[in-house]
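Step one of this worksheet: look at the structure below.
The values are calculated or read from the model by the stated rules, or taken from the named source; none is laboratory data. All of these numbers come straight from a predicted model, not from anything done at the bench. Don't worry about glycine lacking a Cβ; one is built from the backbone with ideal geometry, like all the others, and counts go over all protein chains shown.
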Amino acid sequence: MRTHEVYQKLPDPLIDDMLSFLREEERDAYKTTLASLAANKRLRPVFVQRKSVPQQFAWLRDNLRLKTSNDVSEHLIQVWLMTKQPDMLTQFLDAMGIEHDENGEVEGDLPDTLDSKKLTKAVDTLLKKHPADHVSLYLHAFHLQNPEGWPELTEIISSHDALQFGANNAEPPAAEDSTPPEEPPPPEEPTPVEASTPEEEPTPDKEPTPPEA
């Protein structure tokens, strides 16, 4: 797998995180990346620079995934890993017994083979300390340093569920509430209405008895 193919599998938020870091902390690297990708399209850098930051990131993502951008894509990963993730790099290389500098850049020759037991332990340790997508990206980048590749690393990358890009980014399903729903209170019985006693009609006055003649 070449670098641009790795980018095709990377989640957009991870690429945006890389670009955001470079834009804020490694301005020269960001400008170089932007200018190089624009040149590949025969565009002036200002064409991209005039876009808003989200639009720049979207344009850069699309172009980093192209075959013609392979070298630029590889350089971007290397800069991001060595400037933002040196701890992860040095932890892996120490576990594998590979000499390196303080930034995690390999010194000397790479080994022809990798010890499977050491590799499994090293990967498990990284996954406990770093985001899975970051670990997977580094392992892909490390793998690309050997043109022949390492079968042991190919196997663990392809078979380890946590190393599949985006595998751990989905939100876990909401837990079902096991508490039984409360029963609605029984309806109140209507209060009986007392029957009203009909008013008695007044007794009509007796007509007066006419006097005797």
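Annotations
- Taken as a whole, region 121-135 holds at least one residue that is out of contact with any Leu (no Cβ under 9 Å at 6 or more places or on another chain), charged (D, E, K, R), touching a residue at least 12 places away in the same chain (Cβ under 8 Å) and loosely packed, with under 15 Cβ neighbours inside 10 Å.
- The residue list Gly104, Gly108 contains one member that is modelled with pLDDT under 95 and under 21 Å from Leu19 (Cβ atoms), which is Gly104.
- Of all residues in region 44-96 being in a loop (DSSP other than H, G, I, E, B) and exposed (fewer than 13 other Cβ atoms within 10 Å of the Cβ), the one that is farthest from the chain's Cα centre (by Cα): Arg44
- Residue check for Glu148: at pLDDT below 95, out of contact with any Pro (no Cβ under 7 Å at 6 or more places or on another chain), over 19 Å from Lys9 (Cβ atoms) and not polar (S, T, N, Q): yes
- Yes/no for Asp115 being surrounded by 13 or more Cβ atoms within 10 Å (Cβ to Cβ), touching a residue at least 60 places away in the same chain (Cβ under 8 Å), out of contact with any Lys or Arg (no Cβ under 8 Å at 6 or more places or on another chain) and not aliphatic (A, V, I, L, M): no
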